[in-house]
Amino acid sequence: MALRTLTRGRIACTNSVHELDILDTLTDDWDLEDPHLSSSALDLHLQCEFAAKDASAIHDILMGFITNGNYADWLCQELALRQENAVAAVKKVVELVRELQVGYMPEMGIGLNELKKRAEHVLVQLQGLNGIFQQLQTDIQMAMAEQAQKQRDAEVQEEVDAQLEKGV
């Protein structure tokens, strides 16, 4: 497995978690007396939290690949599932911000534009993990095939050695 691929994934996840934390705090100064705004702020907070947890889990799994060296096909499936969940949560954040921009709070334009810009940036980073996961999947399959070939070669060598001992 290429260390570069794993590192790119870890960096993307770390950056995403950082941006999601910032997104979460950008709603702190909103007027929460307004029920619609309060509800939207809570939704944004929860979606940012959900996405950040999945991005952190992806980061931890990638770190495990680096430190442990063990890899399994099912871990790639978990990575893909967590990435899908994180992307869905960030898409919800973008959708909520658009709703606020258009229908409810156009006077908050600058703050909402910043929220939207950051959320879209995180979305691109998280969606970009697909290429990294595909590369990891390929690397894992190649490593497993190589390991299986080494095992077969060792078994053949044992057979040859056993036949040579019988013949001697």
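Bear in mind that the values in this text are calculations on the coordinates, not laboratory data. A quick note: this is a predicted structure, and the numbers were derived from the prediction, not measured. With ideal geometry, Cβ positions are generated from the backbone for all residues, glycine too; neighbour counts draw on all protein chains shown.
Overview of results
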item: Taking 67, 5 and counting other C-beta atoms within 10 Å, the order from fewest to most; result: 67, 5
item: Dipole in debye (nearest 20) - the chain, about Cα centre, beta carbon charges: Lys, Arg +1; Asp, Glu -1; result: 480
item: Dipole of the chain, positive direction: furthest Cα of 39, 157, 20, with charges on the beta-carbon; result: 157
item: Exposure proxy order (Cβ contacts within 10 Å, fewest to most) of 13, 76; result: 76, 13
item: Over region 3-136, relative contact order from alpha-carbon pairs under 8 Å, at least 6 apart, %; result: 36
item: Relative intensity, log₁₀ I(q)/I(0), of region 3-136 from a Debye sum that treats every alpha carbon as a point, q = 0.12, 0.21 Å⁻¹; result: -0.48, -1.10
